[in-house]
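Colleague: The structure under discussion is supplied below as C-alpha coordinates; questions concerning it will follow.
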Amino acid sequence: MHELGIAKDLLDIVLLKAKENHLNKITKISLMLGEASGIEEDFLRHSLIDHLLSGTIAENCYLEISKEDVKAKCKKCSTEFEPSEMIFDCPSCKSKEIEILSGKDVYVASIEGE
Ligand SMILES: [Zn+2]
Ligand SMILES: [Zn+2]
(Lines give C-alpha, C1' and ligand atoms only; values in the text may rest on other atoms or scores of the structure.)
(Ligands and ions follow the chains in the order given, each with its own letter.)
Protein backbone atom coordinates (compact mmCIF):
# COMPACT_ATOMS: atom_id res chain seq x y z
CA MET A 1 0.00 0.00 0.00
CA HIS A 2 1.41 3.32 -1.06
CA GLU A 3 -1.47 5.59 -0.31
CA LEU A 4 -2.91 7.46 2.59
CA GLY A 5 -6.49 7.00 3.71
CA ILE A 6 -6.59 10.74 4.26
CA ALA A 7 -5.69 11.31 0.61
CA LYS A 8 -8.74 9.27 -0.39
CA ASP A 9 -10.90 11.37 1.94
CA LEU A 10 -9.50 14.57 0.42
CA LEU A 11 -10.24 13.30 -3.06
CA ASP A 12 -13.83 12.50 -2.04
CA ILE A 13 -14.22 16.10 -0.85
CA VAL A 14 -12.69 17.42 -4.09
CA LEU A 15 -15.04 15.33 -6.23
CA LEU A 16 -18.03 16.42 -4.15
CA LYS A 17 -17.08 20.10 -4.53
CA ALA A 18 -16.68 19.56 -8.28
CA LYS A 19 -20.13 18.05 -8.47
CA GLU A 20 -21.66 20.94 -6.50
CA ASN A 21 -20.03 23.37 -8.93
CA HIS A 22 -21.01 21.34 -12.00
CA LEU A 23 -17.42 20.84 -13.11
CA ASN A 24 -16.66 18.25 -15.77
CA LYS A 25 -12.95 18.52 -15.32
CA ILE A 26 -10.73 19.58 -12.44
CA THR A 27 -7.62 21.50 -13.49
CA LYS A 28 -6.21 22.46 -10.12
CA ILE A 29 -6.46 21.26 -6.54
CA SER A 30 -5.08 23.40 -3.71
CA LEU A 31 -4.48 21.69 -0.40
CA MET A 32 -3.40 23.17 2.92
CA LEU A 33 -1.09 20.92 4.86
CA GLY A 34 -0.58 21.77 8.51
CA GLU A 35 3.01 21.63 9.74
CA ALA A 36 1.83 19.58 12.72
CA SER A 37 -0.45 17.26 10.77
CA GLY A 38 2.14 14.48 10.81
CA ILE A 39 1.62 13.98 7.07
CA GLU A 40 4.53 14.12 4.66
CA GLU A 41 3.97 16.30 1.63
CA ASP A 42 5.75 13.87 -0.70
CA PHE A 43 3.65 10.96 0.44
CA LEU A 44 0.44 12.94 0.09
CA ARG A 45 1.44 14.01 -3.41
CA HIS A 46 2.44 10.45 -4.35
CA SER A 47 -0.82 9.01 -3.02
CA LEU A 48 -2.93 11.39 -5.05
CA ILE A 49 -0.96 11.63 -8.27
CA ASP A 50 0.26 8.05 -8.58
CA HIS A 51 -2.65 6.17 -7.08
CA LEU A 52 -5.87 8.10 -6.76
CA LEU A 53 -6.34 10.76 -9.42
CA SER A 54 -6.01 8.63 -12.54
CA GLY A 55 -9.37 7.68 -13.97
CA THR A 56 -11.13 10.55 -12.19
CA ILE A 57 -12.07 13.97 -13.56
CA ALA A 58 -9.04 15.33 -11.70
CA GLU A 59 -6.58 13.26 -13.71
CA ASN A 60 -3.54 15.35 -14.75
CA CYS A 61 -4.64 18.34 -12.72
CA TYR A 62 -2.16 20.67 -11.09
CA LEU A 63 -1.76 19.74 -7.46
CA GLU A 64 -0.72 22.59 -5.19
CA ILE A 65 0.17 21.82 -1.59
CA SER A 66 0.74 24.79 0.72
CA LYS A 67 2.11 24.52 4.23
CA GLU A 68 0.10 25.95 7.08
CA ASP A 69 1.97 27.24 10.12
CA VAL A 70 1.07 25.91 13.50
CA LYS A 71 -0.68 28.42 15.72
CA ALA A 72 -1.56 27.80 19.32
CA LYS A 73 -3.25 29.60 22.16
CA CYS A 74 -2.57 29.21 25.86
CA LYS A 75 -5.64 28.17 27.80
CA LYS A 76 -4.40 29.91 30.92
CA CYS A 77 -3.23 33.34 29.77
CA SER A 78 -4.65 33.40 26.22
CA THR A 79 -1.28 34.19 24.61
CA GLU A 80 -1.25 33.18 20.95
CA PHE A 81 2.02 31.81 19.60
CA GLU A 82 3.65 29.59 17.02
CA PRO A 83 5.08 26.50 18.68
CA SER A 84 8.51 25.61 17.37
CA GLU A 85 10.31 22.28 17.26
CA MET A 86 7.22 20.61 18.67
CA ILE A 87 7.65 22.40 21.97
CA PHE A 88 4.13 23.16 22.94
CA ASP A 89 4.61 25.23 26.09
CA CYS A 90 3.20 28.72 26.40
CA PRO A 91 6.14 31.16 25.94
CA SER A 92 4.54 33.57 28.37
CA CYS A 93 3.43 31.52 31.39
CA LYS A 94 4.99 28.14 30.49
CA SER A 95 1.67 26.36 30.82
CA LYS A 96 1.30 23.11 28.87
CA GLU A 97 -2.43 23.57 28.61
CA ILE A 98 -2.68 24.92 25.12
CA GLU A 99 -5.13 24.74 22.30
CA ILE A 100 -3.96 24.26 18.71
CA LEU A 101 -5.72 26.82 16.52
CA SER A 102 -4.37 25.79 13.14
CA GLY A 103 -1.75 23.65 11.48
CA LYS A 104 -2.75 20.21 12.65
CA ASP A 105 -4.97 19.26 9.74
CA VAL A 106 -4.84 18.84 6.02
CA TYR A 107 -7.76 20.18 4.02
CA VAL A 108 -8.94 21.25 0.59
CA ALA A 109 -8.43 25.00 0.22
CA SER A 110 -9.89 25.32 -3.29
CA ILE A 111 -10.36 23.63 -6.62
CA GLU A 112 -10.47 24.95 -10.16
CA GLY A 113 -12.01 23.40 -13.19
CA GLU A 114 -14.36 23.79 -16.08
ZN1 LIG B 1 2.92 4.13 -4.40
ZN1 LIG C 1 0.17 31.09 28.96
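The values are calculated or read from the model by the stated rules, or taken from the named source; none is laboratory data. These numbers come from a predicted model, not from an experiment. In this analysis, Cβ positions are derived from the backbone assuming ideal geometry, glycine residues included, and neighbour counts consider all displayed protein chains. Keep in mind that these areas ignore ligands, DNA and RNA; they rest on the heavy atoms of the full protein, side chains included. Shrake-Rupley method; radii C 1.70, N 1.55, O 1.52, S 1.80 Å.
Colleague: Roughly how big is region 74-114's charge dipole about its Cα centre, with Cβ charges of +1 (Lys, Arg) and -1 (Asp, Glu), in debye to the nearest 20?
Modeller: Here the size comes out at about 420 debye.
Colleague: Rounded to the nearest 20 Debye, what is the dipole magnitude of the chain about its Cα centre when Lys and Arg each give +1 and Asp and Glu each give -1 at the C-beta?
Modeller: 380
Colleague: Give, as a single signed number, the net charge of other residues whose beta carbon lies under 12 Å from the beta carbon of LEU11, with Lys and Arg counted +1 and Asp and Glu -1.
Modeller: -2
Colleague: Let me ask something additional. For the chain, report the accessible area per residue in Å² (1.4 Å probe, heavy atoms, rounded to an integer).
Modeller: For the chain, the per-residue accessible area is 62 Å².
Colleague: Report the local net charge at SER37: Lys and Arg +1, Asp and Glu -1, summed over other residues whose C-beta lies under 9 Å from its C-beta.
Modeller: Residues near SER37 contribute -2 overall.
Colleague: Turning to a different aspect of this structure: Using square roots of five times the C-alpha gyration tensor eigenvalues, list the equivalent-ellipsoid semi-axes of the chain in whole Å, biggest first.
Modeller: Taking √(5λ) for each eigenvalue gives 34, 15, 10 Å, largest first.
Colleague: Please give the net charge around VAL108, taking every other residue with its beta carbon less than 14 angstrom from that of VAL108, where Lys and Arg add +1 and Asp and Glu add -1.
Modeller: Residues close to VAL108 contribute a combined charge of -3.
Colleague: Could you give the angle, 0 to 90 degrees to the nearest 10, between helix 5-20's Cα long axis and the longest principal axis of the Cα atoms of the chain?
Modeller: Value to nearest ten degrees: 60.
Colleague: Considering only protein heavy atoms and a probe of 1.4 Å, how much of the accessible area of the chain is carbon and sulfur, as a whole percent?
Modeller: 47
Colleague: Something else now. Can you flag which of LYS67/LYS96; LYS17/LYS96; LYS25/LYS67; LYS19/LYS73; LYS8/LYS28; LYS76/LYS104 are past 28 Å Cα-Cα?
Modeller: Check vs 28 Å cut-off fails for LYS17/LYS96; LYS19/LYS73.
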